[in-house]
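Here is the structure we will look at.
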Amino acid sequence: MDQIQHKFVNLGGLKLHVADIGTGPNVVVFLHGFPEIWYSWRHQMVALAGAGFRAIAPDYRGYGLSDPPPEPEKTSFKVITSDLLGMLDALGLAKVFLVAKDYGARPAFLLALEHPERILGVISLGIPYFPPAPSQFHKYLPEGFYISRWKEPGRAEADFGRFDTKTVLKNIYILFSRSEIPIAEENQEIMDLVDPSTPLPPWFSEEDLAAYAALYEKSGFPNALQVPYRSSGEEYNITDPTAKVAILAVMGGKDYFLKFPGIEDLIKSGKLKEFAPNSEITFIPEGTHFVQEQFPEQVNQLILHFLHKQLKLE
């Protein structure tokens, strides 16, 4: 960890924080989800650097050590994708692999669709390839569905505001590590779904929680609520949604996302191959929503196998 360097890329006056380790010619860019940050890739970055790759993990605008945008409510997936493209240009990276977690897969897939000449391959954790489109899940789930609650302006702010930053992150990590979709009753808020005495998952230490809390205390949650939750209805108008690049999806067998309406059936049906013919899905049976932190060695081996396979095909 102490070998990871920290730098800033200037994007039109906004400074994007980038964690960077390794000096190999092949570069892997890691894209976090929520409630994550560059730090969530610590196990993968060190392992890949040790295997001869260069590993880079940015904080999105308004997250962690990156500057907040002047108008957070205007941030979108398209803006995040543009930031990432600008980061690649600023760092002089012509072609890279992308490893993306949860909603980080959306900008990864957008880059693969719009700039396939820049992308050597994509690994997505927790979500397979879908053609980018507005989310519809809230239409089929109760009003207390966490995404519906967090989409509502002011609702999450009031809920989170009852607790310190560390407690909010602890609660979300606990909720997202379960196998059931977080859904509150009508008279509950999402934070109320976690009993205060519930311990952290065994693979997530108090030191890890403190590292996350320090970064989120700086940035707060405005941008995290904007992207992904309040941008989930974004339109993309992509003419050809078929992904041409190689994609590996790594799914936790106990990830609550598999309980989203239609997801498990869609994965098992094989229909996703229609949208991404050069794609594969592999499961870590005991994995939950945070497989890269829960089972780092297994995930590292899957990543390295994919990278070496694609480099042989180049």
Legend entry - Sulfur and carbon atoms: percent of accessible area, the chain [1.4 Å]: 53 percent
Legend entry - segment 54-81 residues near the modelled H305 label - backbone nitrogen below 11 Å, point 7 Å along Cα→Cβ: none
Inset, instruction - May I ask you to compute the full-extension gain from E297 to T239, defined as 0.36 nm times their residue separation minus their alpha-carbon distance, rounded to one decimal in nm? - result: 17.0 nm
Inset, instruction - Kindly provide log₁₀ I(q)/I(0) values, in the same order as q = 0.06, 0.12 Å⁻¹, from the Debye equation applied to equal alpha-carbon scatterers of the chain. - result: -0.18, -0.78
Inset, instruction - Report Rg(Cα)/(2.2 N^0.38 Å) for segment 196-292, keeping two decimals. - result: 1.40
Inset, instruction - Read phi for every residue in segment 80-95 and hand back ³J(HN,Hα) as whole Hz from Karplus 6.51 cos²θ - 1.76 cosθ + 1.60, θ = phi - 60°, with x for Gly and Pro. - result: 4, 4, 5, 4, 5, 4, x, 5, 4, 5, 5, 8, x, 9, 6, 9
Legend entry - DSSP bridge pairs, the chain: antiparallel proportion in percent, nearest 5: 35 percent
Legend entry - By accessible area with a 1.4 Å probe, ligands and nucleic acids excluded, highest first: order of M1, M45: M1, M45
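Express the relative contact order of the chain as a whole percentage, based on alpha carbon pairs under 8 Å and six or more residues apart in sequence. Can you show the working numbers first?
On the way: 564 pairs, mean separation 65.8, N = 314.
Normalised by residue count, the contact order of the chain is 21 percent.
Work out, step by step, the length gained on full extension between E180 and Y140: first 0.36 nm times the residue separation, then minus their alpha carbon distance; give nm to one decimal. If you can, show how the numbers build up before the last one.
Numbers: separation 40, 0.36 × 40 = 14.40 nm, distance 1.53 nm.
Extending this stretch completely gives an extra 12.9 nm.
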Inset, instruction - Note down the nm distance, to one decimal, between modelled labels 7 Å out along Cα→Cβ at L209 and at R155. - result: 2.6 nm
Legend entry - Total lysine pairs whose alpha carbons fall under 18 Å of each other in segment 223-314 (8 or more apart, or interchain): 7
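Peptides 34-40, 127-133, 65-71: what's the order by average Cβ count within 10 Å, highest mean first? Mind showing how you got there, number by number?
On the way: 34-40: 23.6, 127-133: 19.6, 65-71: 16.0.
Result, highest mean first: 34-40, 127-133, 65-71.
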Legend entry - Karplus-derived HN-Hα couplings along segment 179-186 (A = 6.51, B = -1.76, C = 1.60, θ = phi - 60°), whole Hz, x at Gly and Pro: 9, 10, 5, x, 9, 8, 6, 4
Inset, instruction - Can you find, among P201, A243, N171, the residue farthest towards the positive end of the dipole of the chain? Put +1 on the C-beta of Lys and Arg, -1 on that of Asp and Glu. - result: A243
Inset, instruction - Return the calculated 222 nm mean residue ellipticity for the chain, to the nearest 500 deg cm²/dmol, obtained by summing -39500 (n - 2.57) across DSSP H runs with n ≥ 4 and dividing by the residue count. - result: -9500 deg cm²/dmol
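About the Cα centre of the chain, what is the dipole size in debye to 20, counting +1 per Lys and Arg Cβ and -1 per Asp and Glu Cβ, all else neutral? Let's see the in-between values first.
Values: 29 positive and 39 negative charges, 169 e Å.
Here the size comes out at about 820 debye.
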Inset, instruction - Mind checking the full-extension length gain between R162 and L266? Use 0.36 nm per residue of separation minus the Cα-Cα distance, one decimal, nm. - result: 33.6 nm
Inset, instruction - Give, as ranges by residue number, the residues of segment 1-28 whose backbone N falls under 18 Å from the point 7 Å along Cα→Cβ of H43. - result: 1-2
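The values are calculated or read from the model by the stated rules, or taken from the named source; none is laboratory data. In this text the structure is predicted, and so the values were computed from the model without any measurement. Methodologically, a virtual Cβ is constructed for each residue, glycine included, from the backbone with ideal geometry; neighbour enumeration extends over all protein chains shown. To get the accessible areas, we keep the full protein, side chains included, count just its heavy atoms, and leave off ligands, DNA and RNA. Shrake-Rupley method; radii C 1.70, N 1.55, O 1.52, S 1.80 Å.
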